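The values are calculated or read from the model by the stated rules, or taken from the named source; none is laboratory data. None of the values given here were measured: they were computed from a predicted structure. Counting neighbours? That spans all protein chains shown, and the Cβs are built from the backbone with ideal geometry, glycine included.
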Amino acid sequence: MSRFKFAGNFGAIHQPEYRRMAGDPNINPRAFRVHFAALGWANQIGHAEFGPGELAQILGIGYGRAADLAANKAVTAAKGMNLILPQSGLRCLVLPHTLFQTGKGSVVCKFHGVSINDMGGSPVVSL
Ligand SMILES: [Zn+2]
């Protein structure tokens with residue numbers, strides 16, 4: 001794997017590894033794994049979209065209404081810890097640009113109905 005040179009206080013994460021950790025039952029509380037899921041799937045505007053029931057499966061909770069309720073409880077806990085933004089939910093976890101940025105992936109969120117154009121245009125700044 002490549003090694004990168006960064007400016008300022010930025011570093012990098014490997015998103016596939018955070019996706020794996022999101023499902024690791026040994027990492028608790030579950031709110032931490034919600035944060036990992038946000039980091040693992042976030043796109044260029046910091047949104048990580050999931051299909052119905054998908055986040056509960058990713059977190060290793062399972063399928064169905066009880067699983068979704070348990071996943072939602074973990075999302076609420078993650079919001080309480082400020083690990084994700086308040087507009088996050090089961091269908092989309094949102095990170096602030098001060099915490100996470102990437103040049104890869106989509107620049108829209110269908111669930112929240114926002115795009116990079118709603119955020120003042122280009123995210124590109126010189127570090
Ligand atoms: Zn979103």
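Across region 90-115, the qualifying residues are those that are among the aliphatic types (A, V, I, L, M), within 13 Å of the chain's Cα centre (by Cα) and modelled with pLDDT of 95 or more, and the one among them that is surrounded by the most Cβ atoms within 10 Å (Cβ to Cβ) is Leu93. Only one of the listed residues (Ala74, Ala78) is surrounded by 15 or more Cβ atoms within 10 Å (Cβ to Cβ) and within 24 Å of Val114 (Cα to Cα). That residue is Ala78.
Please find, within region 13-71, the residue that is nearest to the ligand (Cβ to nearest atom) out of those that are of a type in the set (Phe, Trp, Tyr) and surrounded by 20 or more Cβ atoms within 10 Å (Cβ to Cβ). Once the filter is applied, the top-ranked residue is Trp41.
What do you reckon, is Asp118 more than 13 Å from the ligand (Cβ to nearest atom) and either surrounded by 11 or more Cβ atoms within 10 Å (Cβ to Cβ) or modelled with pLDDT under 95 (or both)? Answer is no for this residue.
Any idea how many residues of region 4-29 are assigned to a loop (DSSP other than H, G, I, E, B) and charged (D, E, K, R)?
2
Per the conditions (1) within 16 Å of the ligand (Cβ to nearest atom); (2) in a helix (DSSP H, G or I); (3) surrounded by 14 or more Cβ atoms within 10 Å (Cβ to Cβ), the sole criterion not satisfied by Gln87 is (2). Which ones in region 52-72 are in a helix (DSSP H, G or I) and either hydroxyl-bearing (Ser, Thr, Tyr) or over 16 Å from the mean Cα position of the chain (by Cα) (or both)? Of everything in region 52-72, those that are in a helix (DSSP H, G or I) and either hydroxyl-bearing (Ser, Thr, Tyr) or over 16 Å from the mean Cα position of the chain (by Cα) (or both) turn out to be Arg65, Ala66, Ala67, Asp68, Leu69, Ala70.
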